[in-house]
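Student: The structure is given below, and queries will be raised subsequently.
The values are calculated or read from the model by the stated rules, or taken from the named source; none is laboratory data. Given the structure is predicted, the values throughout are model-derived calculations rather than measurements. Glycine gets a Cβ as well: all are built from the backbone with ideal geometry, and neighbour counts include every protein chain shown.
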Amino acid sequence: MKTCIESVHQTMSECRGRMRNRAMLRNLTALVPVTDCKTRWSGKFLMLDRFNRIYDELRAIAEDEESNLTMNLTSDFQSTVRRIEKQLRQVDLVSKYLQQKTYLYLVAGLLLISSYRLCP
């Protein structure tokens, strides 16, 4: 699992960081590569989700002779990425749910505090 995620991260970084790869991708889709962020719970999920959404475009770039994008083109790799993404989707959903609940509790708490201050 870790190796697969690292491979996707490398591919997305190469596509994002190299002007030629980025320009080629921009000609094929409006979606941009996303890399994971260590401070976000759902960073890996967002990266894998975007990888799956632009996989065909990335593959076309990797197969182009003018590109310097390297990526694993095997069907086993793609199915592994999809499986991991489905697992991480559950974490993303729970994370978003907790963020909404925490936000609602925070707003409710602030309203309570402000109402106590208004009452004599």
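Student: Among Q78, Q87, Q100, which is closer than 22 Å to T3 by Cβ, part of a helix (DSSP H, G or I) and free of Cβ contacts under 8 Å to residues at least 12 places away in the same chain?
Tutor: Every option except Q87 fails the conditions.
Student: Restricted to the stretch 1-47, and to residues that are β-branched (V, I, T) and either at positive phi or at pLDDT 85 or above (or both), which residue is surrounded by the fewest Cβ atoms within 10 Å (Cβ to Cβ)?
Tutor: Restricting to residues being β-branched (V, I, T) and either at positive phi or at pLDDT 85 or above (or both), the top hit is T3.
Student: A further question follows. In the stretch 21-68, which residues are more than 18 Å from the chain's Cα centre (by Cα) and in a loop (DSSP other than H, G, I, E, B)?
Tutor: D64, E65, E66, S67, N68
Student: Given the criteria over 19 Å from R26 (Cα atoms), aliphatic (A, V, I, L, M) and free of Cβ contacts under 8 Å to residues at least 12 places away in the same chain, does L93 qualify?
Tutor: The answer is yes for L93.
Student: Restricting to the stretch 33-52, what's the tally of residues that are in contact (Cβ under 8 Å) with a residue 12 or more places away in the chain and of a type in the set (V, I, T)?
Tutor: 2
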